[in-house]
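> Okay, here's the structure, questions in a sec.
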Amino acid sequence: MARRYDPNPFDEEEVNPFSDPAVRGKASTNYGGGAFYTTNPGSVPPASNSRLSPLPPEPAGFNYDGGATIDIPLDTAGSNFQDLKKKEKDLQAKEAELRKREQEVKRKEDAAARAGIVLEEKNWPPFFPIIHHDIANEIPIHLQKLQYVAFTTFLGLACCLTWNIIATTTAWIKGEGVKIWFLAIIYFIAGVPGAYVLWYRPLYRAFRTESALKFGWFFMFYLLHIAFCIFAAVAPPVIFHGKSLTGILPAVDLIGDHVLVGIFYFVGFGMFCVESVLSIWVIQQVYMYFRGSGKAAEMKREAARGAMRAAL
């Protein structure tokens with residue numbers, strides 16, 4: 001009995017399922033599930049019944065609470081808009097008022113300039129402005145050095161009179177009497193403002209405007225200033241034995257009895273000497289400029305015209 005060999009069960013039959021309709025039907029009968037083999041194709045539900053129902057759409061909240069809405073009150077927006085309008089109107093009104101003030105100030109400045117009035121802003125000293133002083137911008141460059149030295153003599157006079165108060169205070173403490181202290185206070189109160197008004201400001205304006213009259217005013221009172229400085233440096237015993245000024249004579253008189261007071265007076269004597277020398281140099285330089293610039297001849301002509309008018 002010969003053995004019977006079964007064909008290879010794994011051998012696939014080369015059948016074109018699309019060539020013969022019968023074969024296609026057979027193939028669809030044998031392989032009803034597509035990739036998954038089943039012996040009972042009727043148990044597989046139709047394709048239409050195997051579809052999954054679509055998921056409900058999810059709202060796109062962009063990380064906000066799902067479905068939450070933001071209510072913007074229309075009344076608040078309207079009130080904010082009205083506030084902005086009101087502020088805008090206020091700013092416009094203030095701007096118009098400032099423009100009006102600027103025009104008024106400009107009109108006054110123009111009127112003052114036409115009338116020859118110079119408006120000077122107080123800017124010195126910087127910590128407490130009480131006078132107008134701007135040599136670098138208002139004085140010609142070839143006269144600035146001389147003006148600075150003249151200003152130094154003005155400040156030097158203030159320092160001399162301040163030290164004079166200190167020295168007379170020590171002399172008063174040592175028993176020289178209170179009268180010399182009161183006189184030192186009077187010298188300071190009258191001397192510093194008087195020097196500024198009588199000779200420093202006229203010189204400043206003379207260099208600034210080239211006015212011959214201002215030069216003449218300066219010469220007259222600056223000579224008095226030099227005379228006072230020389231008198232203070234000597235301090236003769238004319239008024240209260242001369243001890244109200246720190247000159248050489250009271251310094252020699254006090255050095256024997258009160259050494260400290262005598263030293264203070266000698267320091268004051270040196271300060272008045274330096275002030276006198278600087279003042280003499282300043283008036284010499286100003287006079288040379290005055291003669292060289294032709295202001296002397298102009299001043300003579302003005303004096304002659306003034307005398308003629310007075311005679312007529």
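The values are calculated or read from the model by the stated rules, or taken from the named source; none is laboratory data. Quick caveat: nothing in here was measured; it's all calculated off a predicted structure. Cβ sites come from the backbone with ideal geometry, for glycine too, and all protein chains shown count toward neighbours. Side chains are part of the model used for accessible areas, which takes the heavy atoms of the whole protein and leaves out ligands, DNA and RNA. Shrake-Rupley method; radii C 1.70, N 1.55, O 1.52, S 1.80 Å.
> Taking the Cα centre as origin and putting +1 on Lys and Arg beta-carbons and -1 on Asp and Glu beta-carbons, what dipole magnitude results for the range 178-283, to the nearest 20 debye?
That gives a dipole near 400 debye.
> Once the whole set of protein chains is in place, how much accessible area is left on Lys108, using a 1.4 Å probe, in Å² to the nearest 10?
120 Å²
> Now a separate question. Have a look at Val234, Val282, Val252 and report the one farthest towards the positive end of the charge dipole of the range 178-312, computed about the Cα centre with Cβ charges (Lys/Arg +1, Asp/Glu -1).
The one lying farthest along the dipole's positive direction is Val282.
> Now for a different question. From largest accessible area down, sort Lys85, Lys214; use a 1.4 Å probe on the protein chains.
Lys85, Lys214
> Same structure, new question: Quick check on the range 224-296: take the gyration tensor over C-alpha atoms, sort the square-rooted eigenvalues as a ≥ b ≥ c, and tell me if it's rounded (a/c under 1.5), prolate or oblate.
Note, shape of the range 224-296 comes out prolate.
> Obtain the nm distance between the two label points defined at Gln285 and Lys108 by a simple spin-label model: each point lies 7 Å from its Cα along the Cα-to-C-beta direction.
It works out to 3.8 nm between the two label points.
> Now for a separate question. Leaving ligands, DNA and RNA out of it, work out the accessible area of Glu88 with a 1.4 Å probe and give it in Å² to the nearest 10.
Around 90 Å² of this residue is reachable by solvent.
> From largest accessible area down, sort Cys160, Cys273; use a 1.4 Å probe on the protein chains.
In descending accessible area the options line up as Cys273, Cys160.
> Considering only protein heavy atoms, with the full assembly of protein chains and a 1.4 angstrom probe, order Trp181, Trp217 by accessible area, largest first. Kindly include the intermediate steps, with their values, before the conclusion.
Values: Trp181 65, Trp217 115 Å².
If we order Trp181, Trp217 from most to least accessible, we get Trp217, Trp181.
> Find how much the distance from Ile230 to Glu210 grows on full extension, using 0.36 nm per residue of separation minus their present alpha carbon separation; answer in nm with one decimal.
4.2 nm
> Keeping all protein chains in the complex and leaving out DNA, RNA and ligands, what accessible area do you get for Asp257 with a 1.4 Å probe, in Å² to the nearest 10?
Answer for Asp257: close to 120 Å² accessible.
> Which of rounded, prolate or oblate describes the range 151-285 when judged by the alpha-carbon gyration tensor and an a/c cut-off of 1.5?
Working: a/c = 2.84, a/b = 2.32, b/c = 1.23.
It comes out prolate by the Cα gyration axes.
> Once neighbouring chains are kept in place and the probe is 1.4 Å, which whole percent of the accessible area of the range 204-312 is contributed by carbon and sulfur?
The value for the range 204-312 is 72 percent carbon and sulfur by accessible area.
> Per residue, how much accessible area does the range 116-242 have with a 1.4 Å probe, in Å²?
Per residue, the range 116-242 has an accessible area of 53 Å².
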